[in-house]
């Protein structure tokens, strides 16, 4: 049985797999235009597709793209400010250990948290083009 060649190391492996790199100088305006055309697709992949006459595919944003980016941004901001995950985790731990006092203050805080979560849910549905009742908005 013939001996195998040892696997390539370092630069050899990368060059054999990917070939020689190619660089391209662009003005800021050209780069901005190219970024817009690529629509989030990696520039290398977009340029290869365009130059080699392959099918240049616009990048898709999923089956249900965001309808209202402002509402989504507002929701993400609220989630970032809310510390919701930490608070829910603390409540769950206290409930599991039996140390969660159920007094009027805790009850009020829980109701306020439920209201905030419900508002965030409504914002998310709006951003996705859905109504809180579960039907699709006309668009």
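The values are calculated or read from the model by the stated rules, or taken from the named source; none is laboratory data. Since the structure is predicted, the reported quantities are computational estimates derived from the model, not experimental observations. A quick note on method: Cβ atoms are made from the backbone with ideal geometry, for glycine too, and the neighbour counts reach across all protein chains shown.
For segment 101-131, the set of residues classified as surrounded by 15 or more Cβ atoms within 10 Å (Cβ to Cβ) and not in a helix (DSSP H, G or I) consists of 128, 129, 130, listed by residue number.
Annotation note: of 67, 74, the sole residue that is under 22 Å from the mean Cα position of the chain (by Cα), part of a loop (DSSP other than H, G, I, E, B) and surrounded by 12 or more Cβ atoms within 10 Å (Cβ to Cβ) is 67. Residue-level analysis places residue 36 outside the set of residues that are assigned to a helix (DSSP H, G or I), modelled with pLDDT of 75 or more and surrounded by 10 or more Cβ atoms within 10 Å (Cβ to Cβ). Listed conditions (1) at pLDDT 75 or above; (2) surrounded by 10 or more Cβ atoms within 10 Å (Cβ to Cβ); (3) out of contact with any strand residue (DSSP E or B) (no Cβ under 7 Å at 6 or more places or on another chain) are all met by residue 81, apart from (2). For residue 138, the stated conditions hold: it is modelled with pLDDT under 80 and loosely packed, with under 10 Cβ neighbours inside 10 Å.
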